[in-house]
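Colleague: A single structure is presented below for examination.
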Amino acid sequence: QVQVVESGGGLVQAGGSLRLSCAASRRIFSGNPMGWYRQAPGKERELVARINSDGNIEYPDSVKGRFTISRDNAKNTVYLQMTTLKPEDTAVYFCSVAGWRNGWPYDYWGQGTQVTVSS
């Protein structure tokens with residue numbers, strides 16, 4: 001059963017923009033922190049942005065000022081607006097929802113969406 005689905009990736013030139021979307025089931029989404037992560041070939045997965053149910057947001061320095069995370073609770077969706085994209089932003093972007101399963105903390109992950117930024 002697919003409960004977290006990312007979309008919006010693609011190929012864009014440096015300096016361009018993309019908006020990623022992550023739709024989660026209501027049971028998974030409700031009241032939970034959500035985040036975007038990325039993994040480039042040969043590199044470890046890294047945090048891109050995260051937001052909790054109160055709207056508190058964190059970004060790493062690598063994307064601060066260029067990326068914006070937001071959530072629409074009515075649509076059970078979190079977004080990542082990416083601007084001024086750079087080739088080093090090229091990666092598979094994953095959405096994660098911090099929740100519970102069988103009474104234990106559990107992170108739900110999507111399958112990822114590819115973002116490629118050309119020079």
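The values are calculated or read from the model by the stated rules, or taken from the named source; none is laboratory data. Here the structure is a predicted model, which is why all the values come from computation and not from measurement. Positions of Cβ are generated from backbone atoms using ideal geometry, with glycine treated the same way; all protein chains shown enter the neighbour counts. Note: areas computed on protein heavy atoms with side chains; ligands, DNA, RNA excluded. Shrake-Rupley method; radii C 1.70, N 1.55, O 1.52, S 1.80 Å.
Colleague: Kindly provide the GluC sites (Glu not before Pro) of region 1-98 that DSSP labels as loop, not H, G, I, E or B, and whose Cβ sees at most 16 other Cβ atoms within 10 Å. Write out the running numbers ahead of the final one.
Modeller: Details: sites: Glu6, Glu44, Glu46, Glu58, Glu88; in loops: Glu44.
Sites meeting the loop and neighbour criteria: Glu44.
Colleague: Considering only protein heavy atoms, what per residue accessible area in square angstrom results for the chain with a 1.4 angstrom probe? Don't skip to the answer; put the middle values down first.
Modeller: Numbers: 6780 Å² over 119 residues.
Dividing the accessible area of the chain by its residue count gives 57 Å².
Colleague: Take the chain, mark every one of the trypsin sites (Lys or Arg not before Pro) that falls in a DSSP loop and has at most 14 other Cβ within 10 Å, then report the longest stretch left between them, sites excluded. Numbers along the way, then the final one.
Modeller: Details: sites that count: Lys43, Arg45, Lys64.
Formally, the longest exposed-site-free interval is 65-119.
Colleague: Ignoring ligands, DNA and RNA, what percent of the accessible area of the chain is carbon or sulfur (1.4 Å)? Display every interim value, and only then the final one.
Modeller: Values: 3160 of 6780 Å².
Within the chain, the accessible surface is 47 percent carbon and sulfur.
Colleague: Next up: Work out, step by step, the length gained on full extension between Asp72 and Gln3: first 0.36 nm times the residue separation, then minus their alpha carbon distance; give nm to one decimal.
Modeller: Working: separation 69, 0.36 × 69 = 24.84 nm, distance 1.64 nm.
23.2 nm is the gain from fully extending Asp72 to Gln3.
Colleague: Would you list which lysines come within 24 Å of Lys86, measuring only between C-alpha atoms, while excluding same-chain residues fewer than 8 positions from it?
Modeller: Here the lysines satisfying the reach criterion relative to Lys86 are Lys43, Lys64.
Colleague: Still on this model: Translational diffusion coefficient of the chain at 10 °C, 1.306 mPa s, Stokes-Einstein with Kirkwood Rh over Cα pairs, in µm²/s as a whole number. Show your work: numbers first, answer last.
Modeller: Numbers: Rh = 14.4 Å.
Answer from the Stokes-Einstein relation: 111 µm²/s.
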